[in-house]
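Enquirer: Please read through the structure below; I'll follow up with questions.
The values are calculated or read from the model by the stated rules, or taken from the named source; none is laboratory data. These numbers were taken from a predicted model, which means no experiment stands behind them. Backbone-built Cβ (ideal geometry, glycine too); neighbour counts: all protein chains shown. Calculation scope for accessible area: heavy atoms of the full protein, side chains included, ligands and nucleic acids excluded. Shrake-Rupley method; radii C 1.70, N 1.55, O 1.52, S 1.80 Å.
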Amino acid sequence: MAEIARPNCTHVIFDNDGLLLDTERIYTDITQKICQEYGKTFDISLKQRIMGNSKHVSTKVVINEMQLPITVDEFLSKAGALNLTLFPTAKLLPGVEKLVRHLHKHNIPIAVATGSATREFDLKITHHKELFNLFHHTVKSDDPAVKHGKPNPDIFQVAASRFTPPPASPDQVLVFEDAPNGVQAGKAAGMNVVMVPEAYVSRTLCSAADQVLNSLEEFNPADWGLPSY
């Protein structure tokens, strides 16, 4: 089989939840705990639909689909109390530390573009600050420059613009994502996207990505013109 021709990328942007940190299962646990208060069961099919959306959009969908007798603000208040305990327990996913340190060592500009707001992000990286300090910058969902959340391209466009120097063109940027909405956002920004989906995400939802991996441990930097391990 012929090798797939891929562009040489000069800059790399990472999603965070479910890609760098194993937080998706925490979100699932939090949502399930709240749904259980009202005798409801949060299922994987709904989880797939909301992955990568903004917090408010995801919450609204859950409330409507589960027919929960609470407002978005009430749901988020309950979730916020659980966040304080659970988010700091987030662990790095396989292959993350090796890849981030490798790219940093070789002076490849790297950034994070996360759908989390600043307070949530800070809780999640409680025990990983040294690694996250290796990133050139982080763009969060509450950044004033991010007008629209994923699947819109805003957050990746803002992240790319803040590199010093910025990439010559969007197609020199490699985005890592785990969620279909994030992949859509990266492609809408004109960037290349490597998807590392959760095991329960249907592969029919992964077709828009340029490359699909089971884990970052499978990633070969040389495939994208980046320094080899």
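Enquirer: Applying the selection to the range 89-123, what residues are hydroxyl-bearing (Ser, Thr, Tyr) and without any contact (Cβ under 8 Å) to a residue 40 or more places away in the chain?
Expert: THR118
Enquirer: Which residues, counting only those in the range 74-88, are in contact (Cβ under 8 Å) with a residue 40 or more places away in the chain and not basic (Lys, Arg)?
Expert: Residues satisfying the conditions are PHE75, ALA79, LEU82, ASN83, LEU86, PHE87.
Enquirer: State whether the residues of the range 158-179 include one that is open to solvent by 10 Å² or more (accessible area, probe 1.4 Å), touching a Gly at 6+ places or on another chain (Cβ under 9 Å), more than 18 Å from HIS11 (Cβ to Cβ) and in contact (Cβ under 8 Å) with a residue 40 or more places away in the chain.
Expert: No, every residue in the range 158-179 fails to be open to solvent by 10 Å² or more (accessible area, probe 1.4 Å), touching a Gly at 6+ places or on another chain (Cβ under 9 Å), more than 18 Å from HIS11 (Cβ to Cβ) and in contact (Cβ under 8 Å) with a residue 40 or more places away in the chain.
Enquirer: Additional query: It is to be established whether one or more residues within the range 82-95 are of a type in the set (Val, Ile, Thr), out of contact with any Gly (no Cβ under 6 Å at 6 or more places or on another chain) and under 30 Å from GLN172 (Cβ atoms).
Expert: No, the range 82-95 contains no residue that is of a type in the set (Val, Ile, Thr), out of contact with any Gly (no Cβ under 6 Å at 6 or more places or on another chain) and under 30 Å from GLN172 (Cβ atoms).
Enquirer: Considering the range 147-182 alone, what residues qualify as being part of a helix (DSSP H, G or I) and at pLDDT 95 or above?
Expert: Across the range 147-182, the qualifying residues are ASP154, ILE155, PHE156, GLN157, VAL158, ALA159, ALA160, SER161, PRO170, ASP171, GLN172.
Enquirer: Taking the range 26-61 as the search range and keeping residues that are among the charged types (D, E, K, R) and surrounded by fewer than 14 Cβ atoms within 10 Å (Cβ to Cβ), which one is modelled with the highest pLDDT?
Expert: Among them, the one singled out is GLU37.
Enquirer: Name the single residue, out of those in the range 101-130 being in contact with a helix residue (DSSP H, G or I) (Cβ under 6 Å, 6 or more places away or on another chain) and in a helix (DSSP H, G or I), that is surrounded by the most Cβ atoms within 10 Å (Cβ to Cβ).
Expert: By that ranking, first place goes to LYS124.
Enquirer: Given the conditions (1) under 18 Å from the mean Cα position of the chain (by Cα); (2) modelled with pLDDT under 95, and given that PRO94 satisfies all but one, which numbered condition is not satisfied?
Expert: Evaluating PRO94 over (1) under 18 Å from the mean Cα position of the chain (by Cα); (2) modelled with pLDDT under 95 leaves (2) as the failure.
Enquirer: Go through the range 188-222 and give me each residue that's surrounded by 16 or more Cβ atoms within 10 Å (Cβ to Cβ), under 13 Å from LEU174 (Cβ atoms) and not aliphatic (A, V, I, L, M).
Expert: Hits for the range 188-222 are ASN192, ASP210, GLN211, PHE219, PRO221.
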